[in-house]
Every structure is written in C-alpha cells, then in structure tokens.
Amino acid sequence: MTQGGGYILIIEDDPGVRDGIANIVENEGYAVVSCADARAALERLVGAADLPRVILLDFLMPHMDGWAFLRERQKDVRLRSIPVLGMSASQRLLDRKDTLDDVDDFLRKPFNVEAMLSSIEKHWRAPGP
C-alpha cells in the first residue's frame, strides 16, 4: 500500500484508539506517524520535508480541537491538499455542517475497519499543492 512512500498521520488524543488505528493500518502495509494532539501535529507538519498522504483527525481533543487544526492547515498551501478523514464518536458533530464541509470523509467511532481502510485507499495520494 505504501508504494512510492508516504504515511498516514493519526491525530488522536486517546492512546488506546490511536494505537488501535495505527496497528490496523500498519497491518495493511501503511506507514504511520501518530500525534496525541493537533498542536503537536501542526508543529510536525509545518516546514516538514515529508508530508502525509492522508490525515486521520479526531475532532474532540484538548489543547487544539479538529476545527482549529483545519483552520491552521488552510494557512499552509502545502498542507491544504492533504486529504483529512475526520473521526468522532459524537453524533452532534455529524449534525454540524462545518464538520462535514471541511473534511474529505467522516468516520464515526466506533467505525467499521473495512470502511476506514476503504476511505484511506480512496484518498491516498501524493502530497502537494
């Protein structure tokens, strides 16, 4: 799956969920980088030579939530084109129009593994403007 290099960035504050997702996608052949919060993810991404091909983003996190991450991401032309798959267990997020408008797909937790892998495969592409 990682033909041509690249990785998936998982931004999730719950270590059990973060590690579970990482194990699943690594078993499918994807390289993974994980961050416990959106601020740490932005610090890693801004100016980085290697960018992810897909970002899995939890919305409800301390320090910086998913919406703040998306707003900051829009300021960097290199980051804008990276597909973001939003994740949350909250039904109320699905009811917010801005949640769905700002992501390429939305995975409601607990999500179906096949659906997650299908979405990753669908959105996997080389980063760049």
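Heavy atoms of the protein chains alone define the surface here; on that basis the chain has 49 Å² accessible area per residue at 1.4 Å probe size. When the chain is treated as a GNM, springs tying every alpha-carbon pair under 10 Å, which of ALA36, ALA49, ALA22 comes out with the largest mean-square fluctuation? Highest fluctuation of the listed residues: ALA49. Among residues other than GLY6 with Cβ under 13 Å from its Cβ, the summed charge is 0 (Lys and Arg +1, Asp and Glu -1). Here the chain is treated with +1 on each Lys and Arg Cβ and -1 on each Asp and Glu Cβ, and its dipole about the Cα centre works out to around 360 debye. Structure remark: mean-square fluctuation, Gaussian network model of the chain, C-alpha springs under 10 Å; the largest value among ILE11, ILE24, ILE82 belongs to ILE24.
Backbone phi angles across the range 16-21, fed through the Karplus curve with coefficients 6.51, -1.76 and 1.60 (θ = phi - 60°), yield HN-Hα couplings of x, 5, 4, 5, x, 4 Hz in residue order; Gly and Pro are listed as x.
Using only the Cα atoms of the range 15-58, each taken as one equal point scatterer with no solvent, compute I(q) by the Debye sum, divide by I(0), and report log10 of the ratio at q = 0.17, 0.27 Å⁻¹. The computed values of log10 I(q)/I(0) come out as -0.50, -1.11. A P(r) calculated from all alpha carbon pairs of the chain, with 10 Å bins opening at zero, reads 13, 50, 34, 3 percent. What a 1.4 Å probe finds exposed on the range 1-122 is 48% carbon and sulfur by accessible area, rounded to a whole percent.
The values are calculated or read from the model by the stated rules, or taken from the named source; none is laboratory data. Note that the structure is a prediction, hence the values are computed from the model and not measured. Because the Cβ atoms are built from the backbone with ideal geometry, glycine has one as well, and the counts that use them run over all protein chains shown. The area values use the complete protein model at the heavy-atom level, side chains included, leaving out ligands, DNA and RNA. Shrake-Rupley method; radii C 1.70, N 1.55, O 1.52, S 1.80 Å.
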